[in-house]
Each structure stands twice: as structure tokens, then as C-alpha cells.
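One structure below.
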Amino acid sequence: MVRKVLIIKTGALGDIILSSLSFKTIKKFFPESTIYLLTKGDFKSVVKNCPIFEKIFYLPAGRNFFKFLEFIWKLRKERFDIIFDLQGNLKTNFYSFLIGAKERIGLYRKKAGKIFLPKAVKKRDDLNPVEHQRYFFKKIGIETEENLELWIEEKEEYRNFLKKYKLEKGNYILIHPVASPEWETKRWLPERFAEFADILIEKGEKVVFIGKGREEIEEIIKKMKNKPLNLSDETNISQLIFIIKNSKVVITTDSAPLHIGAASGVKTIGIFGPTDPKRHCPPEVIYIYKKVECSPCYKKKCDKMICMKEIKVKDILEKIYERNKL
């Protein structure tokens, strides 16, 4: 009998959110088992309210080797029956081995990782994140029809946050124009974001900018004729999820809000350039991507940015009209 199951999923934010499908699948397949999660403290607000987990273990921050060993020893004493490594990198493959379980199942990319997983499935780059999860479970003999889900508390403070800015469910469009600082190539042109937002406002829409990078977003707003609401750097993860969940439409780069929008069931449009939408975009999301000769390149910096320059304002407007009949 399988009594205790440990799931390893350590990031990133968008991937944690999309893994709700896997969490639900494992619980459904092991309904009588106690399910645990190993992740990073950065994602506590995303997973802490998930009813699937009996307990969540957070990797110790920093690089203290002795603290890490102490943590691993603590997990070993739990005596898990099965470990599912859903992260599938060499580090987490090794964690699975160190923690130990009667059965270790997981994804791997590098051949060395396969050594640590008696039952291993090689990662594929030709499937989107949702299809990839279904593929993994099929390979290990588990059929799944589960969907994405978010477990966020409907706190009064979140509702008050919306009220503060006169936002109501379904009456505003979100624009997330930024990406991780190192990914300059994931950003669409600032002047086009400005033109796009102006057109929406002129059509009577309430436009809200979100994301980390206030200075960058303010540069976009300076190029606008109209005034949007700027909530950049104003939200924590939980507030960000809540504001996305209650929006009318989300327009975003290839970043976490893309996955939050997909899991929320909100109409979401993703702007892709250097990365492959067939690999990274959830099937629930509409994406805009111009297949130029050099894309996908996965370069984080580029002087030409041809892939992003090819995307016009009308391309996004057409998708919004098509999906929302604005």
C-alpha cells in the first residue's frame, strides 16, 4: 500500500501554477495516500492553500551545506513510498536519490539524471506545458483528464485592493509588458505597447499595467496620449493572481502571468518572440508569434529584435476582437 507520496516541483512560478494538473492527477490516482510537496519558499503563497498536500516542505534558502544536509535527513526520516520528480533537472533528480523512497519516478533531461530515477521519462521540447504533463503520466501508465486550477484565498484585503483602484470583476484589461530582467528579448517594443494601450482606452476600456519593473513601464506610459492605471511593483504574488483572475483580458509576454491567466480561465493573449509558443504556451492561451528565420533562438539579448518588430499593434487588436467582440 502506498501511504506517503512526495512531489518535487521547485519552480518557476508559472510552472508551479501549471503543475496543478499533475498535483490533482497524483491525488486522484492515490486517493488514500498522504501527499507532500517539496518546493521553494518563493512559491508559498501559490501552494499553501492547496487541499491536496498534507504538508509542504520548503528548500532552505542560501547555500549553507550543513543546513541542506539536515533538511535532506529530515525528509529521509519521513520514509516516503513514492517520489515524483516533476521538476526533472539534474539537481532534483539527485534530491530524489538523497531523500530516498521505495519507488522514484520522474522526468530527466541529462543522461546523468536517469541514474537517480529507476523509473525515468525523458523531457520533450515539442510539447506545450499541459500536453507534456499528460505525456509524462501516460508514459508511466496513468491516464489523466485533470485541468488547471488555482488555490488562492479570496481575502477581503484582495477585494479591497481592487476597490481602491475602482476595479471590478471583468471591467479592466491587464497589460504585462515586462519579463525577467535577463530576458530583454521577450519584451515587445515600448512604443507599440503605448499605441496599443491608447487604442484600448479610446475604445472605452480600463487599462491596467502590471509587473515588476516600474521604471520600464513608466517609459511606456510616457509615450501614451491617455492615462492608464499603473500597478507595476504594487502587487505581491497573491494579489497578482487575484487581479489577473478578475480581469477581462490579459495581454502578456512569455512570463508567469501567461500561466496564471491560463489557470484562471481568463482570456489570455501571449506575445512570443525568441521562445517557441508550441513548447511554452498553455493550450488555453492565444499566442502571437511571427516565425522569422532566426526564431526561436532563445537568446536573452539581441540587437535586431526582428521577431518582436514583426508583431504589429493590429495583430493583438484582431485577437482581442476575435475572442472578446469588443
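None of the figures in this text is laboratory data; all of them are computed from the coordinates on show. These numbers come from a predicted model, not from an experiment. Glycine also receives a Cβ, built like all others from the backbone with ideal geometry; neighbour counts cover every protein chain displayed.
Fully extending the segment from LYS291 to SER180, taken as 0.36 nm per residue of separation minus the present Cα-Cα distance, adds 37.7 nm. Modelled spin-label separation between GLU143 and LYS314, with each label point placed 7 Å from Cα along the Cα-to-Cβ direction: 4.7 nm. For the range 1-94, the spread of Cα coordinates along the three principal axes comes to 37, 31, 24 Å, biggest extent given first. The share of alpha-carbon pairs in the range 156-324 lying farther apart than 24 Å comes to 30%. Note on the chain: the alpha carbon radius of gyration divided by the globular reference 2.2 N^0.38 Å gives 1.05.
FRET efficiency for the pair ALA112 and SER45, taken as 1/(1 + (r/R0)^6) with r the Cβ-Cβ distance and R0 = 45 Å, rounds to 0.85.
Whole-percent P(r), the range 67-150, all Cα pairs, 10 Å bins from 0: 17, 44, 31, 8. Averaging the sequence gap over all C-alpha pairs within less than 8 Å and six or more residues apart, then dividing by the number of residues, gives the range 37-89 a relative contact order of 31 percent. Only Cα pairs under 8 Å and 6+ residues apart enter the sum, and on that basis the relative contact order of the chain stands at 16 percent.
For the range 4-139, the relative contact order comes to 23 percent (Cα pairs under 8 Å, sequence separation of at least 6).
When you count the other C-beta atoms within 10 angstrom of each residue and take the mean per peptide, 96-103, 67-74, 2-9 line up highest first as 2-9, 96-103, 67-74. Other residues whose C-beta falls under 13 angstrom from the C-beta of ILE152 contribute a net charge of +1, scoring Lys and Arg +1 and Asp and Glu -1. Fully extending the segment from ILE56 to CYS302, taken as 0.36 nm per residue of separation minus the present Cα-Cα distance, adds 84.6 nm. Per-residue extension of 0.36 nm, minus the Cα-Cα distance of ALA12 and LYS225, leaves a gain of 73.1 nm for this segment.
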